[in-house]
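The values are calculated or read from the model by the stated rules, or taken from the named source; none is laboratory data. Just so it is clear, the structure is predicted and the values come from calculations on it, not from any experiment. As a convention, Cβ positions derive from the backbone with ideal geometry for all residues, glycine included, and neighbour counts pool all protein chains shown.
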Amino acid sequence: AATGTITGTVTFTGPPPAMKPVALGGDPQCAAQHQGPVLAGDALVHDGKVENAFVYVKDGLGTRTFAVPETPVTIDQVGCLYQPHVAGAQTCQSIEFVNGDPTLHNVHGMPGRSAPWNFGMALQGSKRRIRIENPEVMIPVTCDVHPWMRGYLGVLPHPYFAVTGADGRFTLRGVPAGEYVLAAWHERFGTREAPLTLGAGETKDVAFAYAGGGN
């Protein structure tokens, strides 16, 4: 089928909300990996551009089905923080959690549409894979050992999603021509939606804007 590309930017107008410092002192192995204060990372805004927004096609793909990628999505635990902080995967795609720290972690996922998971990772370099069958935006992932650790995972039945970087930009390639609802999610700023019509060979730019304290 003929396809197009969806690009865009997620912005924030006004002073962004403050991020709280993370108290790493409870685990010396965590604190030793950082110099200076560590912020929660839940409101990263750079010159008005929003980082870690999850942008995805919410509606319009109909009954289309998509091959599951063979490459796993990797979520590491480095400096007692989830990296990346926000990630996306397709349904039934392997999601590999890695313990990059010389300390005990446990990965506690709390989906609303699938069974929760909770497993320990005691050894540095250890890996554990899971698959999630049911779509859900978003699934919080925590660590019971280090309560400040929090990440988010979006699971969709298609590959048309992205996480914004420090420039607030996103790109969705190879989207079939059609009419869609595009959505942006952010853990503190809330959600935004935008309808769009994408033509074959077309690149459509979409802007999502947050302001004030979010919602």
task = Give, as residue ranges, the strands (runs of 3 or more DSSP E) completely inside the stretch 62-121 that count at least 1 residues that are out of contact with any strand residue (DSSP E or B) (no Cβ under 7 Å at 6 or more places or on another chain).
result = 73-78, 81-83
ask   = In the stretch 39-57, which residues are closer than 18 Å to Tyr152 by Cβ and part of a loop (DSSP other than H, G, I, E, B)?
value = Ala40, Gly41, Asp42, Ala43, Leu44, Glu51, Asn52, Ala53
request  = State all residues of the stretch 139-167 that are under 13 Å from the mean Cα position of the chain (by Cα) and farther than 22 Å from Arg64 by Cα; if no residue qualifies, say none.
outcome  = Ile139, Pro140, Val141, Arg150, Gly151, Tyr152, Leu153, Val163, Thr164, Gly165
ask   = Scanning for something in contact (Cβ under 8 Å) with a residue 24 or more places away in the chain, over 25 Å from Lys204 (Cα atoms), in contact with a His (Cβ under 7 Å, 6 or more places away or on another chain) and surrounded by fewer than 21 Cβ atoms within 10 Å (Cβ to Cβ), does the stretch 124-141 turn up at least one residue?
value = no
message = From the list Gly125, Gly165, exactly one residue is out of contact with any strand residue (DSSP E or B) (no Cβ under 8 Å at 6 or more places or on another chain), farther than 19 Å from Gly109 by Cα and part of a loop (DSSP other than H, G, I, E, B). Which is it?
response = Gly165
query = Does Ala183 count as in the same structural domain as Val50 (by TED's automatic domain parsing), exposed (fewer than 12 other Cβ atoms within 10 Å of the Cβ) and among the hydrophobic types (A, V, I, L, M, F, W, C)?
reply = no
inquiry  = Within the stretch 96-123, take every residue that is β-branched (Val, Ile, Thr) and free of Cβ contacts under 8 Å to residues at least 60 places away in the same chain and give me the one that is surrounded by the fewest Cβ atoms within 10 Å (Cβ to Cβ).
reply    = Val98
ask   = What are the residues in the stretch 149-180 that are among the hydrophobic types (A, V, I, L, M, F, W, C) and either buried (at least 18 other Cβ atoms within 10 Å of the Cβ) or touching a Leu at 6+ places or on another chain (Cβ under 7 Å) (or both), if any?
value = Met149, Leu153, Val155, Leu156, Phe161, Ala162, Val163, Phe170, Leu172, Val175, Ala177
ask   = Out of all the residues in the stretch 125-139, is one or more within 21 Å of Pro159 (Cβ to Cβ) and acidic (Asp, Glu)?
value = yes
Hits in the stretch 183-215 (condition: touching an Asp or Glu at 6+ places or on another chain (Cβ under 7 Å) and closer than 27 Å to Arg150 by Cβ) = Ala183, Glu187, Arg188
request  = Mind telling me which of the residues Trp148, Trp185 ends up being part of a strand (DSSP E or B), under 26 Å from Pro17 (Cβ atoms) and either touching a residue at least 40 places away in the same chain (Cβ under 8 Å) or not β-branched (Val, Ile, Thr) (or both)?
outcome  = Trp185
query = Tally time: how many residues in the stretch 81-124 are among the β-branched types (Val, Ile, Thr) and touching a Leu at 6+ places or on another chain (Cβ under 9 Å)?
reply = 3
Which listed residue is at pLDDT below 95, hydrophobic (A, V, I, L, M, F, W, C) and on the phi < 0 side of the Ramachandran plot, from Ala53, Ala87, Ala32 = Ala32
